[in-house]
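What follows is one structure encoded as structure tokens, with my remarks underneath.
The values are calculated or read from the model by the stated rules, or taken from the named source; none is laboratory data. Since this is a predicted model, take the numbers as computed values, not measurements. Virtual Cβ from ideal backbone geometry, glycine too; neighbours counted across all protein chains shown.
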Amino acid sequence: MLTSGPRDWLSNAKQAKFDDRLRDRLAAEAAKKLRELEDRAKRLAAAEARRVRSEQMEAQRESARLIQAVRTHKGDLNQIPDRISAFVEQFHDVPWSHPKTVGFAVHPLIWQADLVKELITFPNALDYQWPEKISISRALRTISRHLVPDFRRPLAAAVIAKLRDEWPHHRVPTEAVELFLDDLAGTGFLWRSEAGEFTVTQEYADRLSASERRRQEFESRSEDLRHRINVILARLPASELGSFDLDRWLTMRAPGQKADPTTLCRLGDDAFRDFDRALKRIELLSEGGPVTDEILGLPLSEEIARAQLRAREKLLMAASNRRLSLTQAAQLELGEDANSWLSGPSEDDDEMSWIDQAGLDDLSYQRARVSLASAAVVRRAAIRARNEASSRRNELRQAASKVYDEQHLELFLHTFHPKFGKSPFEHCVNHRTMQECIELLPRTKRTKIR
């Protein structure tokens, strides 16, 4: 019917009234929603205004409280302890600064030194190279004890602005710490990431490891030096130590050395090795060894005197042993001729006997032994010659006794003969000379003898 019926059926008064009420209701609902949105916006704006006013009031109260805390704090911001000054001097390459700050209870160098100890000294620095990061909040926790107590909580931006109004050009702890970390990054100690965190650079970590190795070597050398000196001193009588102070000695340059022992231990170079060799000679001296002229400032004057006495006694004993050895060798080689040879002049010095020369040193003793060996060879040859001469003379006597009687025999043997320039007995020393002497016998008698 709706599709096939007349159009006037759809435009009746009842339908029109229904449509009007529908439009009115929709319009009322839209107006209500609009009013609700406007009311909600007004409520939100009012709440935001109240929040802003509350934050401003809280910032005002917080800043006033912080300002009062700073003004009533009784700490000395200008005092720098000696240990901090020594630490700053030791780490002279760190970018130390004196920024204007507010909220710190100590001098800037004190909290900066604590940060350096925690972040870039061995072994902590190696922890911050890869596994852990350095954040501003971590750094603040590290130095929290150096803050005015009221500044140990995080500060809102509004509070920081109020504080800046009160102290222009001053930095709150967060800003001061961040600035210091940035300075460390600028000088190669740290590297800052895009997230605002810091890590220790590889180059600095390598330098730190090498420095730590040198420090350990220095401590090892120093400890070893102290032990060695204590051992040397322990061998001395207490009366000879006097007022010797080992700690003072370690800081004083000994004669002939390029630096004091502590500095030499730190360097570990050729100068230290020269010092170490000198100390080894002193250790040998204290153990009864040879005398050394370089005592490195140690109280060893009496020990030197004892060592010199020991050395003299040792030399005298060695000289006595050499003379005794030469005497025994001479008696064995030369027999009854030993004493005359020992007291005879030496080849090196006519005014010195062989026995005296042997007592000088080992080299002189060896020369004396060589000369003794030569003398022994000569003596043995002389003995052989005497024995042969005695034998040949006996043969000559026997041959002559067959020709002459006893009276003429002695006359023949001991009468000078112009052919030999001496008597036949003296000329007869070997087979040849014996034959020459036999040729003097009468020929007829000699033929019979042969």
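Key figures
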{"item": "All positions within region 244-279 that are within 19 Å of ILE304 (Cβ to Cβ) and either basic (Lys, Arg) or not in a helix (DSSP H, G or I) (or both)", "result": "PHE244, ALA254, PRO255, GLY256, GLN257, ARG277"}
{"item": "Boolean, THR201 is touching a helix residue (DSSP H, G or I) at 6+ places or on another chain (Cβ under 7 Å) and either surrounded by 16 or more Cβ atoms within 10 Å (Cβ to Cβ) or not small (Gly, Ala, Ser) (or both)", "result": "no"}
{"item": "Unique residue being surrounded by fewer than 18 Cβ atoms within 10 Å (Cβ to Cβ), outside the structural domain of ALA373 (by TED's automatic domain parsing) and either touching a residue at least 40 places away in the same chain (Cβ under 8 Å) or within 28 Å of LEU363 (Cα to Cα) (or both) when the list is GLU283, GLU336", "result": "GLU283"}
{"item": "Failed condition for GLU351, given (1) modelled with pLDDT under 85; (2) surrounded by fewer than 15 Cβ atoms within 10 Å (Cβ to Cβ); (3) part of a helix (DSSP H, G or I)", "result": "(3)"}
{"item": "Filter result (more than 16 Å from ALA278 (Cβ to Cβ) and surrounded by 12 or more Cβ atoms within 10 Å (Cβ to Cβ)) within region 242-258", "result": "PHE244, LEU246"}
{"item": "Residue list for region 16-63, filter: in contact (Cβ under 8 Å) with a residue 40 or more places away in the chain and among the aliphatic types (A, V, I, L, M)", "result": "ALA59"}
{"item": "Helices (runs of 4 or more DSSP H) (entirely within region 119-238) containing at least 3 residues that are in contact with a strand residue (DSSP E or B) (Cβ under 8 Å, 6 or more places away or on another chain) and in the same structural domain as ARG61 (by TED's automatic domain parsing)", "result": "173-186"}
{"item": "Filtered residue count, region 286-306, keeping only those that are surrounded by 12 or more Cβ atoms within 10 Å (Cβ to Cβ) and part of a helix (DSSP H, G or I)", "result": "5"}
{"item": "Subset of region 307-333 (residues that are under 49 Å from the mean Cα position of the chain (by Cα), modelled with pLDDT of 85 or more and crowded, with 17+ Cβ neighbours inside 10 Å)", "result": "ALA319, ARG322, ARG323"}
{"item": "Filtered residue count, region 100-118, keeping only those that are in a loop (DSSP other than H, G, I, E, B) and polar (S, T, N, Q)", "result": "0"}
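Each row is one residue, and each column tells you yes or no for (1) within 30 Å of LEU181 (Cα to Cα); (2) β-branched (Val, Ile, Thr); (3) at pLDDT 90 or above; (4) touching a helix residue (DSSP H, G or I) at 6+ places or on another chain (Cβ under 7 Å).
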residue	(1), (2), (3), (4)
ALA27	no, no, no, no
LYS42	no, no, no, no
ALA47	no, no, no, no
SER54	no, no, no, no
ALA59	yes, no, no, yes
ALA64	yes, no, no, no
ILE67	yes, yes, no, yes
HIS73	yes, no, no, no
GLN90	yes, no, no, no
